[in-house]
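Notes follow once the structure below has been shown.
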Amino acid sequence: MPMSDQELLAKLQAENAGLISLFEARGVEWCAPVSLVPTSEPSKLSAGDKVALFRHLYRGRTDVYPVRWESKTTGKSGYSPACANEWRPGVCEKPRIKCGDCGNRVLIPVSDAVIYGHLAGEHTVGVYPLLADDSCYFVAVDFDEAEWREDARAFMASCEAFGVPAARDDYRPVLLIDLAN
């Protein structure tokens, strides 16, 4: 029989208290987590609340973010750092000069407007989770093979066995592991 929301919340709160005790006993610095439990139904969150939740879940570098691109001629796609000068006449010399070698590259920092545009479907952006000090707040795990659901279940079981908080998306082969809490 599945747990009720209240039982699950109590279990997670007890798990968090145990992890905090473990951190404190080992002298690990930590900060109190931002509550991820919305005060209203998810569909009733304001745009600002949704942006704040997104920023909390997908914390990474704030000085730059990747933008998804797709070539209409080759069909290839990928992500590149957002640049304020991209394709700007007289400044950007793509494709002759690669972005990484360009002296005119001006990286764009992450803003609420960028995240809102992503959530609204205007564009697809990513996150660079590895920070300048080589730490990160989360890990995303992507399962690609035909058995991805079984692999994801096994991975989640391992996370649970080791007390690692993880969230699973049943519709896509991705897991999100929150390293901050």
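Each row is one residue, and each column tells you yes or no for (1) closer than 27 Å to Val51 by Cβ; (2) of a type in the set (Lys, Arg).
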residue: Lys98; (1), (2): no, yes
residue: Asn104; (1), (2): no, no
residue: Ser111; (1), (2): yes, no
residue: Val114; (1), (2): yes, no
residue: Thr124; (1), (2): yes, no
residue: Val127; (1), (2): yes, no
residue: Leu131; (1), (2): yes, no
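Would you check which residues across region 97-121 are under 15 Å from Tyr65 (Cβ atoms) and either exposed (fewer than 11 other Cβ atoms within 10 Å of the Cβ) or among the hydrophobic types (A, V, I, L, M, F, W, C) (or both) and list them?
Listed by number, the residues that qualify are Cys99, Val106, Leu107, Ile108, Val110, Ala113, Val114, Ile115, Leu119.
Name every residue in region 74-126 that is in a loop (DSSP other than H, G, I, E, B) and among the polar types (S, T, N, Q), in order of residue number.
Of everything in region 74-126, those that are in a loop (DSSP other than H, G, I, E, B) and among the polar types (S, T, N, Q) turn out to be Thr74, Asn85, Asn104, Ser111, Thr124.
Please determine whether any residue of region 106-129 is modelled with pLDDT of 90 or more and either assigned by TED's automatic domain parsing to the domain that holds Gln6 or charged (D, E, K, R) (or both).
Yes, region 106-129 contains at least one residue that is modelled with pLDDT of 90 or more and either assigned by TED's automatic domain parsing to the domain that holds Gln6 or charged (D, E, K, R) (or both).
For region 46-76, enumerate the residues that are closer than 13 Å to Val127 by Cβ, touching a residue at least 60 places away in the same chain (Cβ under 8 Å) and among the β-branched types (Val, Ile, Thr).
The one that is closer than 13 Å to Val127 by Cβ, touching a residue at least 60 places away in the same chain (Cβ under 8 Å) and among the β-branched types (Val, Ile, Thr): Val64.
In region 102-131, what residues are in contact with a strand residue (DSSP E or B) (Cβ under 8 Å, 6 or more places away or on another chain) and hydroxyl-bearing (Ser, Thr, Tyr)?
Passing the criteria: Thr124, Tyr128.
The values are calculated or read from the model by the stated rules, or taken from the named source; none is laboratory data. What you are looking at is a predicted structure, and each value in this text was computed from that prediction instead of being measured. Here Cβ is always computed from backbone atoms with ideal geometry, including for glycine, and neighbour counts include all displayed protein chains.
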